[in-house]
Amino acid sequence: MLRIAVVLSVLLSGAGLLLAQADAAKDEPDKPPHRKGTIVGVVTAKGDNWIEVKADGEEKARRYVPPWRGGTPAQGGGFDKEMLAQIRATPVGSRVRLEWEFDERPRVVKLEVLKKADSPHHSQGKSEATGLSPSGQRSGKVTGTIRSKKEQGKNVVIEVQAPGEEKPRAYFVQFDAKLQAPIPEVLAAVRAAPVGARVYLEWVATGHGPAIVHLEVLDSGQKKDKP
């Protein structure tokens, strides 16, 4: 009987330990996955310690702040001084490549100016600072590689991947209200551009996604046979 009692005591102790470990595991919050990425877009606004960038193909701009260095403000902590200086030196309307990491909020860890904002006196047709076309539609410019192309009714949809983007974005040809059809010259240019070609395109935002209003092939991406 004594041996049985000892065995039962050991089993009960082990079961209690397992239950305690299970409860402790439940109490531990799941650690969020480390999120980061790279975007290419236009600076739409900025402040002393933040910058807003509208990535190519996105409907809205997103705000980023510098990484935090040190402890609390009372302990001398604060935003990364080098990144603050970079933000202040980047004009609104500039085209940038931005690398970010999520730490409580999106934080810019690298900022590269690809093209500084044009002077308002030399801006033709579009406002780079606000990302608006003369008609008031959101707009943008993209240079990238065509990853796919498919016919969609009378229109054509292409997927273009800009440098630094993780995934390509879909674009279709803008609809001409007068002709009740896609803009003919743009449609012809899109159809003629092969998959793999490097292109420059201008787009406007619509209720169905970004629509192409201009497209140029910079490099067909096709190797020519040697004579």
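The table for this structure:
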| quantity | calculated |
| --- | --- |
| Evaluation of Glu151 against (1) among the acidic types (Asp, Glu); (2) without any contact (Cβ under 8 Å) to a residue 12 or more places away in the chain; (3) closer than 30 Å to Glu99 by Cβ (one fails), failing number | (3) |
| Looking only at the stretch 47-91, and only at residues there that are part of a loop (DSSP other than H, G, I, E, B) and of a type in the set (D, E, K, R), the one that is surrounded by the fewest Cβ atoms within 10 Å (Cβ to Cβ) | Asp48 |
| Arg169 of a type in the set (Lys, Arg), within 28 Å of Thr38 (Cβ to Cβ) and crowded, with 20+ Cβ neighbours inside 10 Å | yes |
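To keep it simple, each residue is scored yes or no on (1) among the hydrophobic types (A, V, I, L, M, F, W, C); (2) in a loop (DSSP other than H, G, I, E, B); (3) more than 21 Å from the chain's Cα centre (by Cα).
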{"site": "Val156", "(1), (2), (3)": "yes, no, yes"}
{"site": "Gly164", "(1), (2), (3)": "no, yes, no"}
{"site": "Leu179", "(1), (2), (3)": "yes, yes, yes"}
{"site": "Arg191", "(1), (2), (3)": "no, no, yes"}
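Computed from the coordinates by the stated procedures, all read-outs in this text should not be read as laboratory data. Since the model is a prediction, treat every value here as computed from it, not as a measurement. Don't worry about glycine lacking a Cβ; one is built from the backbone with ideal geometry, like all the others, and counts go over all protein chains shown.
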